[in-house]
Amino acid sequence: MPEKRPLSRSLPWLLLAIVAVGTLLRLPGLRTELWFDELWSLLRVASFRSPAEVFTNFPSATNHHLVSLWLWLLGPDRAWWSYRIPSLVAGVGAVLLAARLGLRRSPRAALWCAGILAFSHVMILYSTEARGYALACFFALLAWERLETYFERHSVAALAGYWAACILGALAHPTFLSAAVGLALWSAAVLMLPERRWRGALRFVALQGVPALFAATWYWLELRQVSDAGGVAVSFWDALRGRAGDLLGVGDLPALQTAAAVLLGVATLAALIRLALARDLRWLLYAGACAIGPAIVAALNEQSLRFPRYYLVPAGFLSVLLGTEIARSWDRRHVRPALVLLAVAWVAANAWQTWVFARDGRGHYLEAVRYMDERSPGAPFRFASMGDTRAEVLVGYYRRYLPPHRQPRFVRGRDLVTVAPEWFLNHLVPDEQAMMAPVVQFGPVRYRLLASFPSSRLSGFREGVYLRADLPTP
């Protein structure tokens with residue numbers, strides 16, 4: 001096609017621009033305050049004498065093993081952004097991998113795939129958090145790329161790369177399972193359909209044997225000991241609508257979430273049908289990674305439906321699917337105006353969500369601690385909290401930024417009525433629609449709200465700072 005030549009010549013520069021802008025969009029998130037999940041892992045591994053304890057002495061859903069190793073290596077006293085370096089590298093790397101996967105279809109597909117991962121608010125947020133979700137997404141795309149290369153060249157290097165990506169993806173976060181399902185379905189079809197089934201089955205076992213053996217061992221030794229972190233359950237439809245809204249960047253408005261779910265569902269189904277009719281076996285890859293795998297994750301952990309972070313791996317595969325389909329449809333001139341409008345709306349929505357995230361961060365815990373300290377003349381302040389564990393982790397970490405003689409005293413919930421501390425902290429998950437109550441009361445002890453501190457919707461806690469009602473406002 002005549003238009004492909006100039007696009008091919010300018011492709012490296014366009015991809016460089018996309019990667020550069022995507023990286024810049026991630027920088028503000030690196031400097032936000034560490035929130036509960038990050039700090040829980042950081043403070044837990046700080047007590048370990050050996051990195052082996054990450055695997056032997058931390059059976060928790062908050063233990064994302066590759067990130068925990070990095071946290072142990074750095075220790076508890078480094079700059080906040082330094083703990084998030086692996087996630088940033090993985091997030092930018094995922095953009096490059098999406099471009100490589102798209103380039104195998106067309107130069108235009110490379111641009112669309114890279115652009116979607118670079119500018120997606122969900123991808124930006126979780127690639128600036130010291131958790132394993134961005135790494136799982138990166139290794140999922142890397143496993144896909146290596147497997148595709150192996151099918152093309154049958155090289156030992158590609159096979160070894162595939163095995164390594166699968167193992168590292170599982171170590172990054174268990175939600176790598178979604179990718180594993182899609183990759184297994186696709187490879188089974190590629191190997192078993194063109195030739196005798198028994199021979200293809202043997203090749204399939206040889207290909208997937210190493211990842212499967214590691215997964216079984218990893219589950220038996222580690223994952224089966226991990227308990228559910230708990231939380232408020234949501235319906236399947238609310239979860240589907242919410243995750244579609246997160247991926248398209250429309251926020252938490254139910255009407256827009258519903259529209260996003262319908263639009264995304266129709267587009268995905270149409271793309272899968274087209275691939276199936278074209279006898280492109282990648283429809284099994286996408287169906288497994290974007291539908292069957294996530295359904296298994298939800299069945300194993302119902303609470304995962306509530307949080308988009310558990311579906312970052314499917315979002316990566318879905319982004320490549322949509323990017324390649326948009327690029328394919330671009331040649332239809334009557335479709336271009338609609339694609340341009342949708343792209344502009346998507347970019348605007350995700351830009352707004354990213355700006356709100358940069359503004360609100362993952363909470364303002366240090367600011368809340370300093371707020372109480374500055375308004376507590378005399379002795380160090382005493383405080384209680386809605387959740388003992390949350391307060392011990394959050395305030396226990398940020399108290400280090402106060403002078404030694406101003407270290408606060410934490411009063412546990414069971415002693416709140418007896419001690420009646422001057423201050424009370426309330427924590428709300430941002431996606432909870434409840435307003436911060438102006439007054440809270442525990443038996444005879446009453447507190448009034450003095451200040452509230454925001455957090456982004458998908459990560460962190462909103463903080464409410466309350467003063468005992470009988471005390472004058474400082």
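The values are calculated or read from the model by the stated rules, or taken from the named source; none is laboratory data. None of the values given here were measured: they were computed from a predicted structure. Because the Cβ atoms are built from the backbone with ideal geometry, glycine has one as well, and the counts that use them run over all protein chains shown. Protein only, heavy atoms only, side chains kept; ligands, DNA and RNA dropped before computing areas. Shrake-Rupley method; radii C 1.70, N 1.55, O 1.52, S 1.80 Å.
³J(HN,Hα) across region 403-416 via Karplus (A = 6.51, B = -1.76, C = 1.60, θ = phi - 60°), whole Hz, x for Gly/Pro?
Computed from phi, the couplings for region 403-416 are x, x, 7, 10, 5, x, 10, 8, 9, 5, x, 5, 9, 4 Hz.
Taking the Cβ of residue 117 as the center, what net charge do the other residues with Cβ under 13 Å away carry, scoring Lys and Arg +1 and Asp and Glu -1?
Surrounding charge for residue 117 is +2.
Which trypsin sites (Lys or Arg not before Pro) from region 350-426 combine a DSSP loop assignment with at most 15 other Cβ atoms within 10 Å?
Counting only loop positions with at most 15 other Cβ atoms within 10 Å, the trypsin sites (Lys or Arg not before Pro) in region 350-426 are 412.
Can you give me the distance in nm between label points at residue 329 and residue 414, each placed 7 Å from the Cα along the Cα-to-Cβ direction?
Label-label distance for residue 329 and residue 414, simple model: 5.9 nm.
Calculated FRET efficiency, residue 273 and residue 164, Cβ-Cβ r, R0 51 Å, to nearest 0.05?
Efficiency at R0 = 51 Å is approximately 0.90.
Hey, with R₀ at 41 Å, roughly what FRET efficiency would residue 370 and residue 266 work out to, going by the Cβ-Cβ distance, to 0.05?
My answer for the efficiency is 0.25.
Can you compute the label reach from residue 280? Point 7 Å from Cα along the Cβ direction, backbone N cut-off under 15 Å, restricted to region 309-331.
Answer for this model: 317-331.
Would you mind getting the accessible area per residue of the chain, heavy atoms of the protein chains only, 1.4 Å probe, in Å²?
46 Å²
Take the Cβ-Cβ distance between residue 351 and residue 235 as r, set R0 to 25 Å, and report the resulting FRET efficiency rounded to the nearest 0.05.
After rounding, the FRET efficiency stands at 0.25.
Can you give me the C-alpha center-to-center distance between region 264-334 and region 194-224, rounded to a whole angstrom?
If we compute the Cα centre of each part, the gap is 24 Å.
Give, in nm to one decimal, the length gained when the segment between residue 156 and residue 213 is fully stretched (0.36 nm per residue of separation minus the Cα-Cα distance).
Fully extending the segment from residue 156 to residue 213 adds 18.6 nm.
Could you compute the net charge surrounding residue 129? Neighbours are other residues with a C-beta less than 9 Å from the C-beta of residue 129; K and R count +1, D and E count -1.
With Lys, Arg at +1 and Asp, Glu at -1, the net is +2.
Sum up the charges of everything whose Cβ sits under 12 Å from the Cβ of residue 381, counting Lys and Arg as +1 and Asp and Glu as -1, but leave residue 381 out.
+4
Show me, for region 250-266, the HN-Hα J-couplings you get by feeding each phi into the Karplus relation (A = 6.51, B = -1.76, C = 1.60, θ = phi - 60°), rounded to Hz, glycine and proline as x.
Residue by residue, region 250-266 yields 8, x, 10, 6, x, 5, 5, 5, 4, 4, 5, 5, 5, 4, 5, x, 5 Hz.
Excluding the sites themselves, what is the longest stretch of the chain that contains no GluC sites (Glu not before Pro) in a DSSP loop with at most 14 other C-beta atoms within 10 Å?
Value returned for the longest uninterrupted segment is 196-431.
Restricting to bridges with both residues inside the chain, how much of the DSSP beta-bridge set is antiparallel, in percent to the nearest 5?
Within the chain, antiparallel bridges account for around 75 percent of the total.
Whenever you get a sec, compute what percent of the accessible area on the chain sits on carbon and sulfur atoms (1.4 Å probe).
Using a 1.4 Å probe with all protein chains present, the chain comes out at 66 percent carbon and sulfur.
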